[in-house]
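Encoded as structure tokens, the structure appears first; notes follow it.
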Amino acid sequence: MDSKSPSAKSEAKPRLTDLVAASGCAAKLGPRELRVLLGQLVACDDERLLVGAETLDDAAVIRLGDDTAICFTTDFITPVVDDPFDWGRIAAANAISDVYAMGGQPLAALNLVCWNTCLPAEMLARLLAGGAEAARAAGCMIVGGHSVQGKEPKYGMAVIGTVHPDRVVRNRGARPGDALFLTKPLGVGVLCTAFKAQQASEAEYQAAVRAMTMLNRDAAALALKASVNAMTDVTGFGLAGHLVEMLGDDPGLGVTLQAAALPLLPGFARHAATGLVPGGGARNRDAFAERVTFDASVEEVPRELLFDPQTSGGLLLAIAPQYAEAFAGAAAALDFGAVRIGSFDRSGRVCVAGPQA
């Protein structure tokens, strides 16, 4: 096996992923615990706040004037890979994605760093260089930051973007009949667990890194042109969790997924079958399974996939049926395209349909 492969049993130390209990967005607090904590917070009633925490949207939105609002978000993650430069690019793309998911354009960011001082300083420099590269590609200025010491390294950004107050896109707003599109393949949680266990191949590693480092900029721009009704990115709560957030408490809104249409990263099925699944997947299943129904014919791989925690995942898009075909055609030019994985309906649930007879 190539000694440069993430699967190689190299004796080189330290490995970043050896220093953390959970990788990337799989390290989030569980959805159940988070809901309890958020329920104890006092809601902000300032009239300038257009989007707060009430619907668990991707970013806060604050009106500054009649034609200007800011999107404000933050995200930081533990290492998902051992290459600090790749980790930096992934973490920055993950943080900046929240602005795109609100229909905004990123403007400026602050670096957030928790660093184990036993690690080489050169490694931190490479991490920040990776973040800077992703931010430059997004047209986002890095204007400062903050650092603390800690055993488990973490990196991310606080990001501000701009959006017109009348053009904010929420995670809620889908309508029965809307087509559901996904713009990146799934399976990052399992693949990152395989990286950590040094069981992933070089090809699997490269495919996952390519997906995680790709900005959601172009997909969001095409969605806005298609008058997208609702938009969010898929991260730590997995596909099921973020779909449940899109449905909200509306008993008349549901979504039916086609299991065979779900796009997979290479290696997911193999590693999931051997038990290389992150703990975050079990927490997601516990939190969201009551809103999810599977056809009996749906096999275990897509069931696991639905709850797999993603890091820097793709966008979930609710596109009105009259725009769906044109959007799919335009999105074919994206790196991963945009896969139609289902449709919104009136079921009140996330339903997963198996292969048609």
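None of the figures in this text is laboratory data; all of them are computed from the coordinates on show. This one's a predicted model, so the numbers in the text were calculated from it and none came from an experiment. All Cβ positions, even for glycine, are placed from backbone atoms using ideal geometry, and neighbour counts span all protein chains on display.
Using 10 Å bins from zero, what percent of all Cα-Cα pairs in segment 179-353 falls into each bin?
10, 40, 36, 12, 1
Does segment 96-206 come out rounded, prolate or oblate by the C-alpha gyration tensor, with a ≥ b ≥ c the root eigenvalues, rounded set by a/c under 1.5 and, if not, prolate when a/b is larger than b/c and oblate if not?
Verdict is oblate for segment 96-206.
Filter the chain for me: DSSP H helices, axial length by Cα at least 24 angstrom, mean Kyte-Doolittle hydropathy not below 0.5. List them by residue number.
Result, helices passing both filters: 121-137.
With charges set only on the Cβ (+1 for Lys and Arg, -1 for Asp and Glu), what does the dipole of segment 11-83 come to about its Cα centre, in debye to the nearest 20?
It comes to approximately 340 debye.
Over the Cα atoms of segment 272-357, compute the convex hull volume and normalise it per residue, giving Å³.
Hull volume normalised by residue count: 149 Å³.
Mind checking which aspartates and glutamates have their C-alpha under 17 Å from residue 196, skipping anything on the same chain fewer than 8 residues away?
Qualifying aspartates and glutamates at Cα under 17 Å: 2, 11, 18, 82, 83, 86, 152, 204, 308.
Show log10 I(q)/I(0) for segment 120-274 at q = 0.13, 0.18 Å⁻¹, two decimals, from a solvent-free Debye sum over equal Cα scatterers.
-0.84, -1.35
So what is the relative contact order for segment 251-357, in percent, with contacts set as C-alpha pairs under 8 Å and at least six apart?
The value is 62 percent.
Rounded to a whole number of µm²/s, how large is the Stokes-Einstein D of segment 16-167 at 4 °C and 1.567 mPa s, given Rh as the Kirkwood radius over C-alpha pairs?
80
Given the chain, what percent of its DSSP beta bridges are antiparallel, to the nearest 5?
75
Before anything else, pin down the relative contact order of the chain: Cα pairs under 8 Å, at least 6 apart, normalised by residue count, whole percent.
Once divided by the residue count of the chain, the mean separation gives 24 percent.
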